[in-house]
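Report on the structure given below.
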Amino acid sequence: MKNTLVKSIGATALALLLVGGTQMFVSGQDGAAQQRSIEGAWRTTVTTLNCQTGEPLRTFPGLQTFNKGGTLAEAATGVAPSLRTPSHGVWSRLTGAQNYSFVFMHDRFNADGTYAGVQKVRGTAVLEASGGEFLAVATTEILNAAGQVIATGCATWTATRIE
């Protein structure tokens with residue numbers, strides 16, 4: 001009886017090691033696949049532009065995370081954190097292995113804390129062959145609390161994978 005219990009525990013431990021080893025192997029494969037995808041966390045440098053002339057207006061850092069399954073989160077330092085929420089959105093792969101489209105939005109607030117509306121960003125990104133950087137171009141719409149477009153803009157950014 002004692003011998004059977006020891007064998008059962010040993011078999012269970014072996015099975016757990018095999019499953020755990022497989023999980024580590026799969027995780028490593030996912031990491032390699034991630035390097036060839038936009039999935040992951042990124043440090044961005046955003047440059048807003050004059051849409052007519054292309055002249056840079058200002059530059060600021062940000063963060064973006066492209067989640068598996070096509071959702072994304074974004075935060076940037078272009079305005080005080082009290083004036084906007086983090087952004088949420090979606091992304092998809094376009095034709096061509098390294099081309100992506102995305103859209104994200106965040107709520108905006110006035111200095112007194114009242115709701116000001118929404119900012120919506122639409123763009124495309126091209127992942128560099130190494131998988132460690134991407135370049136993006138985007139347009140933005142700023143909507144007031146009634147949902148009316150009150151301003152538009154353009155931006156580009158570079159991103160480096162956080163590792």
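If you go through segment 94-123 and keep only what is closer than 18 Å to residue 40 by Cα and modelled with pLDDT under 95, you end up with 94, 97, 98.
Out of 136, 151, one residue alone is buried (at least 18 other Cβ atoms within 10 Å of the Cβ) and in the same structural domain as residue 55 (by TED's automatic domain parsing). It is 136. Residues in segment 91-126 that are out of contact with any Phe, Trp or Tyr (no Cβ under 9 Å at 6 or more places or on another chain) and of a type in the set (Val, Ile, Thr): 3 in all.
The values are calculated or read from the model by the stated rules, or taken from the named source; none is laboratory data. Since the model is a prediction, treat every value here as computed from it, not as a measurement. Glycine gets a Cβ as well: all are built from the backbone with ideal geometry, and neighbour counts include every protein chain shown.
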